[in-house]
Amino acid sequence: MSSQAVESTADEPVIRCESVYMIFGDNAHSMLQQANGVVDAAKFQEAGCIVGVNNASFEVHEGELLIIMGLSGSGKSTLMRCISRLNEATAGKIYIEGEDILSMNNKQLIELRRNKMGMVFQSFALLPHKTVLENIAFPLQVKGVSTQDSMQRAKEMVDLVSLTGRENYFPRQLSGGQQQRVGIARSLAIEPDIWFLDEPFSALDPLIRKEMQDEFLRLQDVLGKTILFVTHDFDEALRLADRIAIMKDGIIEQLDTPANIVLNPATEYVRKFTEEVPREKVLKIEAVMDPYDPNEDFSDLKVQKDAIIETVAEDILNTDKPVAVVDAAGEIVGALHASHIVHVLFGGRADHSAKQVS
């Protein structure tokens, strides 16, 4: 997960959605006005409409990686396409860095996409007659950047995504994972403030997918982009996200940190997503730590609050004393008790003592 995520909600969000609807159908606008903002999807469907996004409101802050997930037809890709205005929202407000993008004309929208947005989709969409370097440089040349400068920038992106030595390959000479790296490099070449990724790894086989997730985490740690990432894979969402929005029938069922979604699912639908999750592989120590009491008799063992439970559980369970939890500076920020870890991992939904992670 991104170490760059902004925790404070006091800052102006990079993306803000207010009651966004996307309803497909000839009479969608009139029906929405009659419904006074309370959309019964079944009634709209009876009238021949499809509710793609139903009253979505949320914010994404600078450096945050928000994953939108759900099963096929849940509305996740439709919502992302509304935010990038590839689809025109039926109603609501969408702000990018404080600007209402729904009021932008075509010229303003093109400038926004060229200068602030990077997009990566499931299909690599590489130009087959262009080399790796030429594919990456292409969007810069469209912006009017000189050939020399665009190729230099493309070389930097090749190094960033670990494709050095394949600069002059054509797409047909690359593996699926390498082609996806070119797509990622091309989207990053314009130095976007906001990065949209729609199922970018779903066409890859499991081993390459894991490799690309590792690469993605490395890039995000270096670049700290504001990211909207769509996936149907819950394991992928848990591994990558700062926060996750789970959608069903166009509605955001829960938007929360991975730990809170696993420990405290808000609806039965969300609970079904989480019930098979191996918690020890997902949750960090900070999700199960208790407040620090300096009067307790601690063991000599100390663990990092960002450590995944699985990596330190055996050591913790083998000590009969509480274990101090420390932050990156080595300051004690909490305490671990073996009984609490056992309860969270094996006792079903955590009780009220389970820590809410912000």
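So which residues in the stretch 171-185 are at pLDDT 90 or above and surrounded by fewer than 16 Cβ atoms within 10 Å (Cβ to Cβ), if there are any at all?
If the condition is that a residue be at pLDDT 90 or above and surrounded by fewer than 16 Cβ atoms within 10 Å (Cβ to Cβ), then R172, Q173 are the ones that fit.
Anything in the stretch 313-328 that is farther than 23 Å from N264 by Cβ and modelled with pLDDT under 90? List them, or say none.
Passing the criteria: E314, D315, L317, N318, T319, D320, A328.
Which ranges mark the helices (runs of 4 or more DSSP H) fully within the stretch 1-93 that have 3 or more residues being crowded, with 21+ Cβ neighbours inside 10 Å and either of a type in the set (K, R) or modelled with pLDDT of 90 or more (or both)?
Helices (runs of 4 or more DSSP H) meeting the threshold: 76-83.
Out of curiosity, is T257 outside the structural domain of E314 (by TED's automatic domain parsing) and surrounded by fewer than 15 Cβ atoms within 10 Å (Cβ to Cβ)?
Criteria not met by T257.
What number of residues within the stretch 232-256 are over 11 Å from the mean Cα position of the chain (by Cα), more than 19 Å from G73 (Cβ to Cβ) and at pLDDT below 95?
Qualifying residue count for the region: 1.
Hey, can you tell me all the residues within the stretch 166-198 that are more than 13 Å from A125 (Cβ to Cβ), in contact with a strand residue (DSSP E or B) (Cβ under 9 Å, 6 or more places away or on another chain) and not hydrophobic (A, V, I, L, M, F, W, C)?
E191, P192, D193
Can you spot a residue in the stretch 152-163 that is within 15 Å of L219 (Cα to Cα), crowded, with 22+ Cβ neighbours inside 10 Å and among the aliphatic types (A, V, I, L, M)? Full working, then the answer.
At the first step, the residues of the stretch 152-163 found to be within 15 Å of L219 (Cα to Cα) are 156-163.
So of that shortlist, the ones also crowded, with 22+ Cβ neighbours inside 10 Å come out as 157, 161.
Narrowing the set further to residues that are among the aliphatic types (A, V, I, L, M) leaves 157, 161.
Looking for residues that are within 15 Å of L219 (Cα to Cα), crowded, with 22+ Cβ neighbours inside 10 Å and among the aliphatic types (A, V, I, L, M), one finds at least one in the stretch 152-163, hence yes.
Would you mind telling me which numbered condition in (1) more than 24 Å from the chain's Cα centre (by Cα); (2) touching a residue at least 60 places away in the same chain (Cβ under 8 Å) H61 fails?
Failed condition: (1).
Would you check if K210 is on the phi < 0 side of the Ramachandran plot, in the same structural domain as F138 (by TED's automatic domain parsing) and free of Cβ contacts under 8 Å to residues at least 12 places away in the same chain?
Yes.
Mind checking which residues of the stretch 285-321 are without any contact (Cβ under 8 Å) to a residue 60 or more places away in the chain and under 21 Å from V262 (Cα atoms)?
I285, P291, Q304, K305, D306, A307, I308, I309, E310, T311, V312, A313
Against the conditions (1) within 15 Å of the chain's Cα centre (by Cα); (2) in a helix (DSSP H, G or I); (3) closer than 23 Å to I194 by Cβ, where does I261 fall short? Just the number, please.
Single failed check for I261: (3).
The values are calculated or read from the model by the stated rules, or taken from the named source; none is laboratory data. What you are looking at is a predicted structure, and each value in this text was computed from that prediction instead of being measured. In this analysis, Cβ positions are derived from the backbone assuming ideal geometry, glycine residues included, and neighbour counts consider all displayed protein chains.
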